[in-house]
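Asks: Before anything else, here's the structure in question.
The values are calculated or read from the model by the stated rules, or taken from the named source; none is laboratory data. Quick caveat: nothing in here was measured; it's all calculated off a predicted structure. Note: ideal-geometry Cβ built from the backbone for every residue, glycine included; neighbour counts use all protein chains shown. These accessible areas exclude ligands, DNA and RNA; they are computed on the full protein's heavy atoms, side chains included. Shrake-Rupley method; radii C 1.70, N 1.55, O 1.52, S 1.80 Å.
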Amino acid sequence: MEFDYVIAGGGSAGCVLAARLSEDPAISVCLVEAGGGGRDILIRAPAMMAAMVSGRPKINNWAFRTVRQPGLNGRRGYQPRGKTLGGSSAINAMLYVRGQPADYDGWADQGAEGWDWAGCLPYFLQAENNVRGTSGLHASGGPLSVADQRQPSASSTAFVDACEENQIPPNADFNGTVQHGAGLYQVTQFHDGPHNGERCSAAAAYLHPVMDRPNLTVMTKRLAERVVIEEGRATGLTIRRGGVRQTLKARREVILSAGTFGSPQILMLSGIGPADELRAQGIPVIHESPGVGQNLQDHLDYVISWTSKRNDVVGLGPSGLLRLAKAGLDWRKSGEGMFASPMAEGGAFLRSSPTVERPDLQLHFVIGIVDDHLRKLHFKGGFSCHVCALRPHSRGTVGLNSAHPAQPPRIDPAFLSDPRDLP
């Protein structure tokens, strides 16, 4: 089969690329995704991300693990990643946070031309269909629905009040002029129409509405194995479903959008990457590129949890399950209630020290007990608070565990390897 563009990976980037490129009826586009179609009820019902994120079982989730981390006393980290159309936007908490303008300006200062805040903001505005309407920092009419939480729990609003009592000012918009402060997150969720109350993943926003375009082919449950290189040029993509392998030809470009872990893995399996890494797996070096898989940056996140007898938090005991069952029925009728919740309803951005110029810590307040990404279950009701370090100095790598494409990549974030990340 032959197309103008072949895209490997149907996550957030892949969905946008497939939709935008196929707007031109004169070109043909093929999108390849290892997971499913991204339309099932576990994805559409926001609260059901709890059934996917743990990776037990692996539902719409690659459920990667890191290598043992010396900085974490030898523990292995867990890395949930979406395996479905929409990618991780189909299994995350839907929180809509664009980051700080200084982050973008810093990238531009380091040589990423065009990635400054002034250059990126118009694209954010083009994407948004924000329930708050149009302003200098928000817009309506775009494909990505952004909503306020309609029925946040009383526990989440109490968290925001408690932050204010501890000198963290209230903030009604983390994507406004100032990010510092505490408030309730906006979420990527449909706020009207037939999908009211459902998750608005990248697939639901960009791809699902245009799947009937004759020049767009979407292949799901196909694993992208290698880029075909001929005379120094990428000419196609080898994919596999079960034991059947085929090659998709690309007249113009092969585009890798398989994520932080998947894209470097495919490159290395194709013979592109650090020569020593490739030779260690018996892969011929087609093009030595030492930067592939390098400079991995990930942030540590610490969670504190408490049990609670409140009826507005989630628990897996008999009364908690009964409330969840009722909430599911309410959500099917109205798109509202606890099933519409991102669970991580409240949050805050703050500075770890008075000497820090802008927020370097983020809090997520969750109306449930979160222990190792829900891999350790607790049957009592409760709530949790994440503390996340936003700008780590430690740098890690992505490599290969095997030359077999079905094996997961080797992920080493090298947490706390830089002493500046230690308290």
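Asks: Restricting attention to the range 74-88, which residues are touching a Lys or Arg at 6+ places or on another chain (Cβ under 8 Å), of a type in the set (Gly, Ala, Ser) and assigned to a loop (DSSP other than H, G, I, E, B)?
Replies: Answer for the range 74-88, where residues must be touching a Lys or Arg at 6+ places or on another chain (Cβ under 8 Å), of a type in the set (Gly, Ala, Ser) and assigned to a loop (DSSP other than H, G, I, E, B): just 74.
Asks: Here's a follow-up. Looking at the structure I just gave you, is residue 11 touching a helix residue (DSSP H, G or I) at 6+ places or on another chain (Cβ under 7 Å), at pLDDT 95 or above, closer than 29 Å to residue 179 by Cβ and surrounded by 23 or more Cβ atoms within 10 Å (Cβ to Cβ)? Talk me through it step by step, then tell me what you get.
Replies: Details: touching a helix residue (DSSP H, G or I) at 6+ places or on another chain (Cβ under 7 Å): yes; at pLDDT 95 or above: yes; closer than 29 Å to residue 179 by Cβ: yes; surrounded by 23 or more Cβ atoms within 10 Å (Cβ to Cβ): yes.
So residue 11 fits the description; yes.
Asks: Also: Which residues, counting only those in the range 331-342, are surrounded by fewer than 17 Cβ atoms within 10 Å (Cβ to Cβ) and either touching a Leu at 6+ places or on another chain (Cβ under 8 Å) or in a helix (DSSP H, G or I) (or both)? Steps first, please.
Replies: From the range 331-342, those surrounded by fewer than 17 Cβ atoms within 10 Å (Cβ to Cβ) are 332-334, 336; that's our starting set.
332, 333, 334 - these are the residues of the range 331-342 that are surrounded by fewer than 17 Cβ atoms within 10 Å (Cβ to Cβ) and either touching a Leu at 6+ places or on another chain (Cβ under 8 Å) or in a helix (DSSP H, G or I) (or both).
Asks: Moving on. For the range 293-327, enumerate the residues that are within 30 Å of residue 274 (Cβ to Cβ) and either out of contact with any Asp or Glu (no Cβ under 9 Å at 6 or more places or on another chain) or open to solvent by less than 30 Å² (accessible area, probe 1.4 Å) (or both).
Replies: Kept after step one, since they are within 30 Å of residue 274 (Cβ to Cβ), are these residues of the range 293-327: 293-301.
Once the filter is applied, which keeps residues that are within 30 Å of residue 274 (Cβ to Cβ) and either out of contact with any Asp or Glu (no Cβ under 9 Å at 6 or more places or on another chain) or open to solvent by less than 30 Å² (accessible area, probe 1.4 Å) (or both), the range 293-327 yields 293, 294, 295, 296, 297, 298, 299, 301.
Asks: What is the number of the single condition among (1) closer than 23 Å to residue 90 by Cα; (2) open to solvent by 10 Å² or more (accessible area, probe 1.4 Å) that residue 146 does not meet?
Replies: It fails just one condition, (2).
Asks: Would you confirm whether any residue within the range 115-128 is surrounded by fewer than 20 Cβ atoms within 10 Å (Cβ to Cβ) and part of a loop (DSSP other than H, G, I, E, B)?
Replies: yes
Asks: Would you pick out the residues in the range 210-269 that are over 24 Å from the mean Cα position of the chain (by Cα), assigned to a loop (DSSP other than H, G, I, E, B) and small (Gly, Ala, Ser)?
Replies: Within the range 210-269, 232, 242, 243 meet the criteria.
Asks: Taking the range 93-114, which residues are over 20 Å from the mean Cα position of the chain (by Cα) and either buried (at least 21 other Cβ atoms within 10 Å of the Cβ) or part of a loop (DSSP other than H, G, I, E, B) (or both)?
Replies: 110, 111, 112, 113, 114
Asks: Do we find that residue 195 is within 22 Å of the chain's Cα centre (by Cα), open to solvent by 70 Å² or more (accessible area, probe 1.4 Å) and in contact (Cβ under 8 Å) with a residue 24 or more places away in the chain in this structure?
Replies: So residue 195 passes the test.
Asks: Oh, and also: Name the pairs: first residue in the range 213-234 and in contact (Cβ under 8 Å) with a residue 24 or more places away in the chain and within 17 Å of residue 255 (Cβ to Cβ), second residue assigned to a loop (DSSP other than H, G, I, E, B) and open to solvent by 50 Å² or more (accessible area, probe 1.4 Å), Cβ to Cβ under 7 Å, at least 6 apart or on different chains?
Replies: 215/25; 218/211; 223/406; 229/286
Asks: Output the residues belonging to the range 79-92 that are open to solvent by less than 20 Å² (accessible area, probe 1.4 Å) and touching a strand residue (DSSP E or B) at 6+ places or on another chain (Cβ under 6 Å).
Replies: Those that are open to solvent by less than 20 Å² (accessible area, probe 1.4 Å) and touching a strand residue (DSSP E or B) at 6+ places or on another chain (Cβ under 6 Å): 79, 84, 90, 91.
Asks: Being of a type in the set (Ser, Thr, Tyr) and open to solvent by less than 30 Å² (accessible area, probe 1.4 Å) is the filter; apply it to the range 239-276 and report the residue that is nearest to residue 15 (Cα to Cα). Before the answer, list the steps.
Replies: Initial filter on the range 239-276 (of a type in the set (Ser, Thr, Tyr)): 247, 257, 260, 263, 270.
Filter once more, so that each one left must be open to solvent by less than 30 Å² (accessible area, probe 1.4 Å): 257, 263, 270.
Working: 257: 9, 263: 15, 270: 23 Å.
Out of the qualifying residues, it is 257.
Asks: Are there any pairs, at least 6 apart or on different chains, whose C-beta atoms fall under 8 Å, with the first in the range 41-62 and in contact (Cβ under 8 Å) with a residue 40 or more places away in the chain and farther than 20 Å from residue 187 by Cα and the second among the hydroxyl-bearing types (Ser, Thr, Tyr) and open to solvent by 10 Å² or more (accessible area, probe 1.4 Å), and if so, which?
Replies: Hits for this filter: 55/78.
Asks: Mind checking which residues of the range 343-362 are part of a loop (DSSP other than H, G, I, E, B), in contact with a helix residue (DSSP H, G or I) (Cβ under 9 Å, 6 or more places away or on another chain) and either charged (D, E, K, R) or open to solvent by 30 Å² or more (accessible area, probe 1.4 Å) (or both)? Please lay out each step first, then the result.
Replies: Of the residues in the range 343-362, the ones part of a loop (DSSP other than H, G, I, E, B) are 343, 351-360.
Applying the additional criterion that residues be in contact with a helix residue (DSSP H, G or I) (Cβ under 9 Å, 6 or more places away or on another chain) yields 343, 357-358.
Correct list: 357, 358.
Asks: How many residues, within the range 394-421, are among the basic types (Lys, Arg), surrounded by 17 or more Cβ atoms within 10 Å (Cβ to Cβ) and more than 20 Å from residue 276 (Cβ to Cβ)? Working first, answer last.
Replies: Here is the first cut: in the range 394-421, the ones among the basic types (Lys, Arg) are 395, 410, 420.
Then keep just the ones that are surrounded by 17 or more Cβ atoms within 10 Å (Cβ to Cβ); that gives 410.
This time we only want the ones that are more than 20 Å from residue 276 (Cβ to Cβ), so: none.
Qualifying residue count, the range 394-421: 0.
Asks: Cβ-Cβ under 8 Å, sequence separation 6+ or interchain: first residue in the range 26-38 and within 24 Å of residue 251 (Cβ to Cβ) and charged (D, E, K, R), partner open to solvent by 10 Å² or more (accessible area, probe 1.4 Å) and not in a loop (DSSP other than H, G, I, E, B). Which pairs?
Replies: Sorted first by the residue in the range 26-38, then by its partner, the pairs are 33/218; 33/219.
Asks: Are any residues in the range 33-68 open to solvent by 40 Å² or more (accessible area, probe 1.4 Å) and not in a helix (DSSP H, G or I), and if so, which ones?
Replies: 39, 40, 56, 57, 58, 59, 62, 65, 67, 68
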